Amino acid sequence: MTGNEGDKGGSSTINFSSPYYLHPSESPKQPSVNEVLIDGNYNDWVIEMTNFLFAKNKTDFIDGTLKKPEISSPEYKPWMRCDAMINGWLTTSMDKGIHANVKYTNTSIEIWSDLKEDLEKKVHCELGKKITAHLEKQQLYEFLMGLNNDFNVIRTQILATKPVPTLGTTYHMVVEDERQRAISLENQATPEPAAFKLLET
């Protein structure tokens, strides 16, 4: 819709503040944000895209404020035209793999909701993994620092390993080191056989 159409789609009054207003130069394929949406940058992308849509006065389409009118409504065609434009802005800024997941959605709010549901889950999942990894690493260091000086060599070896082994692996490494040292001490303490002593006498 161009500037000669208003809020209701039937008025000839120019209303630049209308969410239905579209500038003649706008295109569904125009660049909307600097950052292309990929698997891993959803939070940054959604901030940029929200700002872009806010500047275009189109956030009502993706937050559910401006619902799809009935076909008989004079607002139906203006709404569909704007929604198609927003669809273009959204999909143009996506990686092909992500675009393929939402290409069968009908409206911009469906695209927005699907992305939020799918990618926010991944973001929380990744955050959960990072927190778990951090806590495990903390437990690993506490375990190693709690060992006595007999374990200095194996402790240094473990800390120098990249990536640092898991707590479970570290525990088994320490147990094996302790076992090997016990065998070595036992061999050193074994008395000489009696036969050799007799020969010496």
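The values are calculated or read from the model by the stated rules, or taken from the named source; none is laboratory data. Keep in mind that this is a model prediction, so the values were computed, not measured. All Cβ positions, even for glycine, are placed from backbone atoms using ideal geometry, and neighbour counts span all protein chains on display. To get the accessible areas, we keep the full protein, side chains included, count just its heavy atoms, and leave off ligands, DNA and RNA. Shrake-Rupley method; radii C 1.70, N 1.55, O 1.52, S 1.80 Å.
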Given a 1.4 Å probe, the accessible area of the range 97-146 per residue, as a whole number of Å², is 72 Å²
As a Kirkwood estimate from alpha-carbon pairs, the range 99-182 has a hydrodynamic radius in angstrom of 16.2 Å
Ranked output for segments 55-68, 86-99, 174-187 by mean other Cβ atoms within 10 Å, highest leading, reads 86-99, 55-68, 174-187
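Which whole-number percentage describes the relative contact order of the range 66-149, with Cα contacts under 8 Å and a sequence gap of 6 or more?
Relative contact order for the range 66-149 comes out at 18 percent.
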